[in-house]
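Some notes on the structure that comes next.
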Amino acid sequence: MVEYQREASNVRPYVRSSMYKIKWTLGLHHTFLCAVNYFGGKSKATSKRIPQHVNFPELTIAQVKSNLQLY
């Protein structure tokens, strides 16, 4: 059996993200879907305009992009 050893210099350090997870409640998700439909559906809605329409201050563009991919 061959054993592999990692060198400490090759291991990338874990960096915790400063962005926190949000709970996509039914109300927030419904507002998100209304915003997507308002801007022309999932093919035309952009991740920059949706947070402005949703009016949820903690919502970031990265979180909208992630949820838009799921939708």
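Once the chain from TYR38 to LEU68 is taken as fully extended at 0.36 nm per residue, the excess over their C-alpha distance is 9.4 nm. Spin-label model, HIS29 to ARG16: label points 7 Å out along the Cα-to-beta-carbon direction sit 2.8 nm apart. Figure note: LEU26, LEU33 ranked by solvent-accessible area, largest first, 1.4 Å probe, ligands and nucleic acids not counted: LEU26, LEU33.
Ligands, DNA and RNA aside, PHE56 has an accessible area near 70 Å² when probed at 1.4 Å.
Per residue, the accessible area of the stretch 27-68 comes to 61 Å², computed with a 1.4 Å probe over protein heavy atoms only.
The values are calculated or read from the model by the stated rules, or taken from the named source; none is laboratory data. Bear in mind the structure is a predicted one, so any value in this text is a computation, not a measurement. Note that each Cβ is placed from the backbone with ideal geometry, even for glycine, and that neighbours are counted across all protein chains shown. All accessible areas refer to the heavy atoms of the entire protein, side chains included, with ligands and DNA or RNA removed. Shrake-Rupley method; radii C 1.70, N 1.55, O 1.52, S 1.80 Å.
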